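Inspection log for the structure reproduced underneath, given as structure tokens.
A short reminder: the numbers here are calculations on the coordinates, not readings from a lab. Predicted, not measured: the structure shown is a model, and the values here were computed from it. For neighbour counting, all protein chains shown are included, and Cβ atoms are generated from backbone atoms with ideal geometry for every residue, glycine included.
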Amino acid sequence: MSEIYRNFIAGEWATSNNAIDNINPSDISDVIGQYAQASAAQLQETIEVAKQAQKEWQATSLEKRQTVLNKIGEEMMARSAELGELLAREEGKPRAEGVGEVYRAGQFFTYYAAEVLRQIGENADSVRDGVEVDIRREPMGLVGVISPWNFPTATASWKIAPALAYGNAVIWKPANLTPASAWALTEIISRQDIPKGLFSLVMGSGAEIGQNLIEHPEINAISFTGSYQVGKTIARASAENFTKFQLELGSKNALLVMDDADLDIAIPAAAGGAFGGTGQKCTASSRLIVHESIHDQFVERMLDATKAFKVGHALADGTQLGPVASEAQLNANLDYMKLAAEEGCEIAYGGERLSLEHDGFYMSPALLLGGNNQMRVNREEMFAPATCVIKVGSYEEGLATVNDTDYGLTAGIITQSLAKATHFRRHAETGCVMVNLPTAGTDYHVPFGGRKNSSYGSREQGKYAEEFYTQVKTSYIFSGSPF
Ligand code: NAD
């Protein structure tokens, strides 16, 4: 019997009646642990305590808040090998990607530790004589954080760190596929010198505890990263209570490879962007839009790059592509491969379930050829290690194809032309644009987010996060005359 990991409720580790098994997708005989499922009563209990804790935290000195955030970040960075291995074990990404994610998560905390001291307001003279105006930001209050399984530590950290930095209490509902990473981060936060109940962990399913959280009238703001469908549910529930919300959702990112592309840049960008993280990245390149004059050369080299990916156990040396995170996701991916063939794509390589030494959710990376932008495989987010090449005859057609999608998170262009790169940066209808770089891979000190169905609300990360986690107060001060 493996250990049961508990929720963190009202500042205490709390038992529950229900728990789920956390299974390693690289080896389904490996049960990482059992994770308690929070109840609606526990959510209520923790919210009651969080309200008081938030007031205390808001009144805590800036330097103390900064120290807390630094300590969390530094511990995560120092333990990135250990916690990255745990993340890779439960999510399936190769160890190096897991370690990198935990390290990056630590950087979010140290970045926002510095931002704690940069909370500077504005002042103005009133239009009335003798009156001054003071404009400052205050915390939102109780922030609900709902995170996905694909970047379980990074997405959560880029929400939790600014939420705490700007003086809020946090109630975190992580994805049920990746509770171990959530528990580990919570354990670090639980040891900090913070008001009891300031930070809560409520593990459980989206339909139950997630739904309770988004419908709770005392939650002041919800930051969500996940699918478009669940994002809509959150938008509706938030509208009902006038809860502030921000959504980072799915995508259908395209990489445009122009006729003058340097293939030594294009191939690693396309292959890494398509298959990194087993294709389970919101920023993955799932459409490769390639100019006809370079198409055949590109395809030949892309095929070699795709075949070269070593699929294996996330923790095995040399693994470049881990398993798919869950059986449900694997089955959905395989269904998309069937659909691709039905829609007329040639599956030039991959797209099949693999049987390896350990019983896991393995799939070979898939390169689809002969696609067009109307096919469902080029319109719906697959979240699979699969990408489709779409041939175009000109830059204009390429740009139009990139933009012909319901989503708008990232887009990339590979070209040696400054003019085309500049035009593309200005006309791609996405929140992030990459020039001669993969569509995946962003920094932590600058804003991140998308357009259309990929995002809603203010930007995450960097200084821009302040907009979501704070609210503005305008004060008018009449001081009278000293004479
Ligand atoms: P998901 O929408 O299924 O789940 C996300 C989270 O929402 C989970 O914690 C889940 O339990 C919870 N949830 C589900 N139903 C809920 C409900 N009714 N009420 C409240 N919470 C609920 O997404 P996922 O499968 O975990 O993650 C994959 C998706 O996330 C993909 O679409 C991907 O593109 C997206 N994603 C987006 C970004 C981004 O920044 N744009 C980053 C990473 C992942």
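Each Lys and Arg adds +1 at its Cβ and each Asp and Glu adds -1 at its Cβ; summed about the Cα centre, the chain shows a dipole of about 880 debye.
Largest first and in whole Å, what are the equivalent-ellipsoid semi-axes of the chain based on the Cα gyration tensor, each being the root of 5 times an eigenvalue? Each semi-axis is √(5λ); the values are 40, 29, 19 Å. The Cα atoms of the stretch 262-344 cover 40, 35, 22 Å along the three principal axes, with the biggest extent listed first. Across the stretch 93-244, the relative contact order, built from alpha-carbon pairs under 8 Å that are at least six residues apart, equals 23 percent. A simple packing score, the average count of other Cβ atoms within 10 Å per residue, orders the peptides 151-158, 48-55, 123-130 as 151-158, 48-55, 123-130, with the highest score first.
Computed from phi, the 3J(HN,Hα) profile of the stretch 439-455 under the Karplus parametrisation 6.51, -1.76, 1.60 (θ = phi - 60°) reads 5, 9, x, 10, 8, 10, 9, 10, x, 9, x, x, 10, 6, 7, 8, 8 Hz, with x in place of Gly and Pro. Only alpha carbons enter this Debye calculation for the stretch 361-434, each as an equal point scatterer, and the log10 of I(q)/I(0) it gives at q = 0.12, 0.23, 0.24 Å⁻¹ is -0.37, -1.18, -1.24. Under 5 Å from the amide H of Ile390 lie the amide H atoms of Leu288, Ile289, Val290, each residue being 5 or more positions distant or on a separate chain, with H modelled from the backbone and absent for Pro and chain starts. Here the 3J(HN,Hα) profile of the stretch 42-51, calculated from phi with Karplus coefficients 6.51, -1.76 and 1.60 at θ = phi - 60°, is 5, 4, 4, 4, 6, 5, 4, 6, 4, 4 Hz, Gly and Pro shown as x.
Working value for the stretch 396-468: equivalent-ellipsoid semi-axes of 23, 15, 9 Å, each the square root of 5 times a Cα gyration tensor eigenvalue, largest first. Ordering of 435-443, 80-88 by packing is 80-88, 435-443, highest average first (other Cβ atoms within 10 Å, averaged per residue). Is the C-alpha gyration tensor of the stretch 426-470 telling us rounded, prolate or oblate? Criteria: a/c under 1.5 is rounded; beyond that, a/b larger than b/c is prolate, otherwise oblate. Since a/c reaches 1.5 but b/c is at least a/b, the shape of the stretch 426-470 is classed as oblate. For Ser200, the residues whose amide H sits under 5 Å from its own are Val170, Ile171, Trp172, ignoring neighbours fewer than 5 places away on the same chain, with H placed 1.01 Å from N. Here is the tail figure for the stretch 14-79: Cα pairs spaced more than 14 Å apart come to 75 percent of all pairs. When each of the peptides 404-411, 467-474 is scored by how many other beta carbons lie within 10 Å of its residues on average, the order from highest to lowest is 404-411, 467-474.
Here the spin labels are modelled as points 7 Å beyond Cα on the Cα-Cβ line, and at Asn331 and Glu300 they lie 4.2 nm apart. Provide, for q = 0.11, 0.16, 0.22, 0.23 Å⁻¹, the log10 of I(q)/I(0) from a solvent-free Debye sum over equal Cα point scatterers in the stretch 88-192. So the normalised log intensities work out to -0.44, -0.74, -1.17, -1.24.
In the chain, Cα pairs under 8 Å separated by at least six residues give a relative contact order of 18 percent. Across the stretch 222-291 the C-alpha pair distances fall into 10 Å bins from zero in the proportions 20, 34, 22, 17, 7, 1 percent.
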